[in-house]
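**Student:** Sharing a structure here in structure tokens format.
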Amino acid sequence: MAYSSNIGMAKLGLLMGNEKMHRYLKQFDFGEKTGIELPGEIGGIFRPLKQWSRKYSLISISIGHEIAVTPLQFITAFCSIPNGGLLLEPTIIKSTINNDGKTKEEFQRPQPVRRVINPNIARNIMNPILMKVVTEGTGKNASLLEYDVAGKTGTSQKADGDGGRYSKEKYVGSFIAYAPAEHPRICVLVMINEPRNGAYYGSTVAAPVVREIIRRSLLYLGVEPSKFQIAMQ
């Protein structure tokens, strides 16, 4: 995963099998609206198991083909890792206020939908892997001196629009990350649609943007740099 190996992900998919893969992805509510308080939300594309090709779909979906998720679905699913394996229902409302500026109603923090990952796996396996993506793998352009970052690059081919094929010229480069990795305060997803000037990999076009958003946001929030970096200074 640290080096974005499609072959590695395809092999993992084959080990899971169609039924287990479909059931597991369904746990993240792909293909369903998140229920956020915004108009116009769509559910993305996640086909029923009976519509999967017994020969090809498992490998294709393992590397991101034959499925389409919205950015909100993506970041909601990804955040289950720093949230200890819990899928949370996204919300944008913290409270409502009266005309005089006084709080009318205080809303609870995002509510858990269900557990989708074993907490030990999320903490002791997935988190270190995502940190390694940034320290040693394809996400090096998102690394920060001040904070540990955990993330994943993405490079997607766009649909050609003619015959249901994938384009060989149009891509979406993305990077998603949370920080500080051990005690996250922020999660950021940046997607660059059809990057220009020849570069289209998420590691090149999106990771540097995420790095700056995280750095400036954590400084704004007053999050102290790691003790290691303070000692280095």
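FYI, it's all coordinate maths here, none of it is from the lab. What you see is a predicted model; the values in this text were computed from it and never measured. Note that each Cβ is placed from the backbone with ideal geometry, even for glycine, and that neighbours are counted across all protein chains shown.
**Student:** State whether the residues of segment 33-47 include one that is of a type in the set (V, I, T), surrounded by 15 or more Cβ atoms within 10 Å (Cβ to Cβ) and in contact with a strand residue (DSSP E or B) (Cβ under 6 Å, 6 or more places away or on another chain).
**Tutor:** No, segment 33-47 contains no residue that is of a type in the set (V, I, T), surrounded by 15 or more Cβ atoms within 10 Å (Cβ to Cβ) and in contact with a strand residue (DSSP E or B) (Cβ under 6 Å, 6 or more places away or on another chain).
**Student:** Against the definition (closer than 20 Å to T76 by Cα and either aromatic (F, W, Y) or crowded, with 19+ Cβ neighbours inside 10 Å (or both)), how does G137 come out, yes or no? Quick ask: steps written out before the conclusion?
**Tutor:** Working: closer than 20 Å to T76 by Cα: no; either aromatic (F, W, Y) or crowded, with 19+ Cβ neighbours inside 10 Å (or both): yes.
Answer is no for this residue.
**Student:** Being touching a strand residue (DSSP E or B) at 6+ places or on another chain (Cβ under 9 Å), in contact (Cβ under 8 Å) with a residue 40 or more places away in the chain and assigned to a helix (DSSP H, G or I): is that true of F30 here? Before the answer, list the steps.
**Tutor:** On the way: touching a strand residue (DSSP E or B) at 6+ places or on another chain (Cβ under 9 Å): yes; in contact (Cβ under 8 Å) with a residue 40 or more places away in the chain: yes; assigned to a helix (DSSP H, G or I): no.
Considered against the rule, which asks whether it is touching a strand residue (DSSP E or B) at 6+ places or on another chain (Cβ under 9 Å), in contact (Cβ under 8 Å) with a residue 40 or more places away in the chain and assigned to a helix (DSSP H, G or I), F30 comes out as no.
**Student:** I'd like to check something: does segment 157-165 contain any residue that is in contact (Cβ under 8 Å) with a residue 12 or more places away in the chain and either assigned to a strand (DSSP E or B) or over 30 Å from S60 (Cβ atoms) (or both)?
**Tutor:** First pass over segment 157-165, keeping only residues in contact (Cβ under 8 Å) with a residue 12 or more places away in the chain: 157-158.
Then drop every residue that is not either assigned to a strand (DSSP E or B) or over 30 Å from S60 (Cβ atoms) (or both), which leaves 157-158.
Yes - at least one qualifying residue is present in segment 157-165.
**Student:** Looking at segment 3-15, can you tell me whether even one residue there is in contact with a helix residue (DSSP H, G or I) (Cβ under 8 Å, 6 or more places away or on another chain) and charged (D, E, K, R)?
**Tutor:** Checked segment 3-15: no residue is in contact with a helix residue (DSSP H, G or I) (Cβ under 8 Å, 6 or more places away or on another chain) and charged (D, E, K, R).
**Student:** Within segment 89-100, is even one residue within 21 Å of L15 (Cβ to Cβ), surrounded by 10 or more Cβ atoms within 10 Å (Cβ to Cβ) and free of Cβ contacts under 8 Å to residues at least 24 places away in the same chain? Break it down stepwise before answering.
**Tutor:** From segment 89-100, those within 21 Å of L15 (Cβ to Cβ) are none; that's our starting set.
No; the residues of segment 89-100 include none that is within 21 Å of L15 (Cβ to Cβ), surrounded by 10 or more Cβ atoms within 10 Å (Cβ to Cβ) and free of Cβ contacts under 8 Å to residues at least 24 places away in the same chain.
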